[in-house]
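The next block holds one structure in the form of structure tokens; read it before the comments.
The values are calculated or read from the model by the stated rules, or taken from the named source; none is laboratory data. These numbers were taken from a predicted model, which means no experiment stands behind them. No Cβ is skipped: glycine too gets one built from the backbone with ideal geometry, and neighbour counts run over all protein chains shown. Each accessible area value is taken on the protein alone, full model and side chains, heavy atoms only, with ligands, DNA and RNA left out. Shrake-Rupley method; radii C 1.70, N 1.55, O 1.52, S 1.80 Å.
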Amino acid sequence: MARAKLKNSPSESNSRVKTVPPGTTEDVHGVSPLLPSRRMGSMGSDVGQRPHAEDFSVDSSFSQVQVEFYVNENTFKERLKLFFIKNQRSSLRIRLFNFSLKLLTCLLYIVRVLLDNPEEGIGCWECEKQNYTAFNQSTNINWSHIFWVDRKTPLWAVQVSIALISFLETMLLIYLSYKGNIWEQIFRISFVLEMINTVPFIITIFWPPLRNLFIPVFLNCWLAKYALENMINDLHRAIQRTQSAMFNQVLILICTLLCLVFTGTCGIQHLERAGEKLSLFKSFYFCIVTFSTVGYGDVTPKIWPSQLLVVIMICVALVVLPLQFEELVYLWMERQKSGGNYSRHRAQTEKHVVLCVSSLKIDLLMDFLNEFYAHPRLQDYYVVILCPTEMDIQVRRVLQIPLWSQRVIYLQGSALKDQDLMRAKMDNGEACFILSSRNEVDRTAADHQTILRAWAVKDFAPNCPLYVQILKPENKFHVKFADHVVCEEECKYAMLALNCVCPATSTLITLLVHTSRGQEGQESPEQWQRMYGRCSGNEVYHIRMGDSKFFMEYEGKSFTYAAFHAHKKYGVCLIGIRREENKSILLNPGPRHIMAASDTCFYINITKEENSAFIFKQEEKQKKKGFAGSYDGPSRLPVHSIIASMGTVAMDLQNTECRPANSSKLALPAENGSGTRRPSIAPVLELADTSSLLPCDLLSDQSEDEMTQSDEEGSAVVEYVKGYPPNSPYIGSSPTLCHLLPEKAPFCCLRLDKGCKHNSFEDAKAYGFKNKLIIVSAETAGNGLYNFIVPLRAYYRSRKELNPIVLLLDNKPEHHFLEAICCFPMVYYMEGTIDNLDSLLQCGIIYADNLVVVDKESTMSAEEDYMADAKTIVNVQTMFRLFPSLSIITELTHPSNMRFMQFRAKDSYSLALSKLEKRERENGSNLAFMFRLPFAAGRVFSISMLDTLLYQSFVKDYMITITRLLLGLDTTPGSGYLCAMKITEDDLWIRTYGRLFQKLCSSSAEIPIGIYRTESHMFATSEPHDIRAQSQISINVEDCEDTKDVKEHWGIKTSHHRNSCSSDQSEHPLLRRKSMQWARRLSRKGNKHSSKTAEWISQQRLSLYRRSERQELSELVKNRMKHLGLPTTGYDEMNDHQNTLSYVLINPPPDTRLELNDIVYLIRSDPLAHVSNDGHSRKSSCSHKPGSGNPETRDETQL
């Protein structure tokens, strides 16, 4: 009907505008039924005449043809094939049924053997039975015992039924799997065995005498094995299990052994019916003894058919079993490489984290494991490592240690594959750490891999917390969805920048983010090592104020008041808070902030408050011990110091009363012989006095500094403005208020070594900078270098303190980078390298105070891993010799290479420190390198030390935020910033760190968090000289002219402030003597019997040698300067840092003595925190500042 109707459609369509051609009939059958209906509907809508439109709608209804798809699957054969083969679940049931039938036939064979008794007679069914009891006296084989058995009728009926079912099933499967080659199907081993075990039973139905014929039904065990293999494969397909090769191979091996034993047992038992008539158990015993190669010989086959069967079975075993074992071993080795699976049961019952890396090195692994398992609550966690490369030999050796083998699981796989993520049970993980490969030459490509891994994990397990490490800051916004992100170059450059204005900031941050108990160096006789090691155990912790014994009593008081009294009473340093309604962390919010019970307090201490015990002591005991305000005499261990132990930490509590403001103990001596005395330190107020708040003073001081400087320099000096940088080189940089130029500098003016039409300066000397230069040596001007400039141009730094920045670049910077830095004042660049002396001299190295050497990307990878820093180390050592007065801050790839910085080959003190480092490493310290002098002084830094920042954020989710605030990467309104102040002669009247804390809190609301201390120290020099000089480890600085130069340059007062625990070195001769003995004992080359005369002569020779070497280097530098046309007056080769050692004391005890030239780390409150809120009151209070009160305030602020 449809075709007839379509044939009539052309005649009807002659009067229409739109026609349906006859060819449409053929098209309709070839397309989906939806398409013609849509097409014809559109045609009908275009028809202009209504009657014809109705006829066409009728035609279109008849023209719709229903098309059935997959009609080839509707045949009877295809449906059977779908049920028996293709469908996983139905085929699994069929195979399970087949497996059960085969096992049943084997069981029935055993039943037939047990019921069979040859002595009752043997023969065909319904034939006369013959008894062969006299066979033992004859040597002939009675074949009747082999060919005929006694099979009961019910047993025969059951076996025939099973044989019929198996035969029909086999024929059906042959028919369904036939693909054109029938002989391939017929000669299959499984088909042959099936025919042997089923056809004879079917024949016995039509020929009854053969019902007692022996049929080797026990061979069905091999068919059962084959069915079991197929069944397991179908099972794994049905449950979507992919990693089953090892299980399958073990199962096949076990089944093969069972089939060999069962076949041998049944075959020998049946053949021995014509011999000694062995029982089924004795035959099994013989097979086990034979296959195990024991061979007792007590049971043996007696006739040749059974002996032949044994030979055949042994040959089969020798061929089959080695193949099976080889496959098993291969799979086992592959599984060892890939790591196997993390079981679902373990993932649901135990907690685990996943570590995703592109390549796993032993240093990265140990840093992660040591830091992760340093926290007590993480001891029961498992670590699953997912890495695409094969396990390294060193990593394999470490993971075999029992400490790690039970808790660390290595899986070889990719995070981009759902199968591997499923193996790692990522969806059940507590966290996923994704680390970048920083040793790659192309760091951008490494970031791209990290980004894809993060996306893959987020797609597979959206609820799993992500901790991502990214290298380049421009790639950070791709992983903003992660819970915690650490950008390596952001942190690195900001830390190196702060090292130039706050010495050893890198060491301070590294010690804060490492987990330590403060037990390092406690067995050393060196006082500075004991104090440095004890203070290194301080970390950042948090607690809710309402639950804290440290801070609960200060509810309703100002933040500054709580910080001072908590430090005075408990020895803890309160650095910041977080309001309950606001998620932002504020460092030192200032005295305006009133503490509330719901605030979260962040503090620095040896351990968290929950692990501390409080021991209150009576004031009388304190007075007996001399702690009731007496600070005279040598300092001892503090009362509130923390005794770090494996369990609880005990702290002694001092009296919390404030000292009187006019205490005579703290009063200053009379000035210029006058009888008046300036009052001592003012007490810290519970609530801030709004008339004398710091932010107004600080802002006015800065403005006055700038006005004074501009007046002195004249009107030609360009005034700086404060604002946000207009051009950020990458997406995601935090806006920071900075000192900026009123107008952007032309790109030509940024070039230091070439003049332009705007200025003719071609070297640093011509610019006439007031402050020392900061030189940064980098390979390329990456976007991370932007974060080096921003902290040094932040708004809170006075204009007088701004140092010129010179970027010494190997390659020319790109246009977008110059566009980003041209708005900053005194920022220049030039092309050159640090291994070129001319480049160093042209960029003004002799006028520089700090040289920052950034690790180059092209040298981060080497054939030998630890050789990646070779070029950097040698170049820095050369500059260390040429410019000894320069402070060189170096970034290394591997922390272990820091021992080569400022290397002295024969320095006995350095050798002693090396042995101390080895001892600390043996004791399990995570900071074994902390006693290396370059690290302690903040002169060397490795970004891998900050990997622990990401690991710690799993337990302390605030660590990344606090670190970024300290480094100036983030600026939260109301949050303070890190700065430093230097202790001068005028500040020594304060005497102790606790009094300094009070002074800062009461005058400028600043919170000190540590001390950077520099001590004079004479080393036994490393250069070639008489060995007898090495026994002299520590000598007075007055005995050496070189040390006098150092003393004059650094302003170190050695007569009173040399040691951290005494006011005069002569007060502790025993300590100094022990120090010398310790260094001599650790130095193998020390000469105990050298006389004073010999030592004096060797010192003179050493002095002459060093002077001659320095003169030679000085002549070299001056000649190059003359050749370049540079003045040589600024080069001084004698001032150096070689006779000093520096170290960081984090949160030292309150009674720690202050020494001359100590640099105190401060967290200063934000000067703009309350400008908008209190603008009117600030203006009124600032209007009185030009009076006499202003100098006093500034004196107090500057101490």
Shape category assigned to the stretch 285-436 from the gyration tensor of Cα positions, a/c cut at 1.5: prolate
Estimated inter-spin distance, residue 1128 and residue 280, nm [label 7 Å along Cα→Cβ]: 10.9 nm
Ranked by how many other beta carbons lie within 10 Å on average, peptides 739-747, 555-563 from highest: 555-563, 739-747
Virtual paramagnetic centre 7 Å along Cα→Cβ of residue 164, amide N under 17 Å, in the stretch 209-236: 211
Calculated FRET efficiency for the pair residue 351/residue 202, C-beta based, R₀ 45 Å, to 0.05: 0.15
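Which loop chymotrypsin sites (Phe, Trp or Tyr not before Pro) in the stretch 291-336, with loop taken from DSSP, have no more than 16 other Cβ atoms within 10 angstrom of their Cβ?
296
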Tensor-based shape of the stretch 542-596 (alpha-carbon gyration tensor, a/c under 1.5 rounded, otherwise prolate or oblate): prolate
FRET efficiency estimate (nearest 0.05) - Cβ-Cβ, residue 103 to residue 176, R0 22 angstrom: 0.40
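Contour minus end-to-end for residue 304 and residue 721, with contour as 0.36 nm per residue of separation and end-to-end as the Cα-Cα distance?
Contour length minus the Cα-Cα distance gives 139.1 nm.
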Cross-link table 549/583; 557/982; 86/417; 800/982, entries beyond 25 Å C-alpha to C-alpha: 557/982; 86/417
For residue 942, distant residues with modelled amide H under 5 Å away: 892
³J(HN,Hα), Karplus 6.51/-1.76/1.60, whole Hz, each residue of the stretch 1152-1157, x for Gly, Pro: 5, 6, 7, 10, 4, 6
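Using 0.36 nm per residue, how much length does the chain from residue 598 to residue 70 gain when fully extended, once their Cα-Cα distance is taken away? Write out the running numbers ahead of the final one.
Working: separation 528, 0.36 × 528 = 190.08 nm, distance 6.87 nm.
Roughly 183.2 nm would be gained on extension.
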Contour excess over end-to-end distance, with Cα ends at residue 327 and residue 111 and 0.36 nm allotted per residue: 74.2 nm
Whether the stretch 372-477 is rounded, prolate or oblate, judged on the alpha carbon gyration tensor where a/c under 1.5 counts as rounded: prolate
Length-normalised contact order of the stretch 776-899 in % [C-alpha pairs under 8 Å, at least 6 apart]: 25 percent
Restricting the stretch 435-487 to chymotrypsin sites (Phe, Trp or Tyr not before Pro) in coil, as DSSP defines it, with at most 13 other Cβ within 10 Å: 481
Residue-level accessible surface for residue 312, protein heavy atoms, 1.4 Å, Å²: 80 Å²
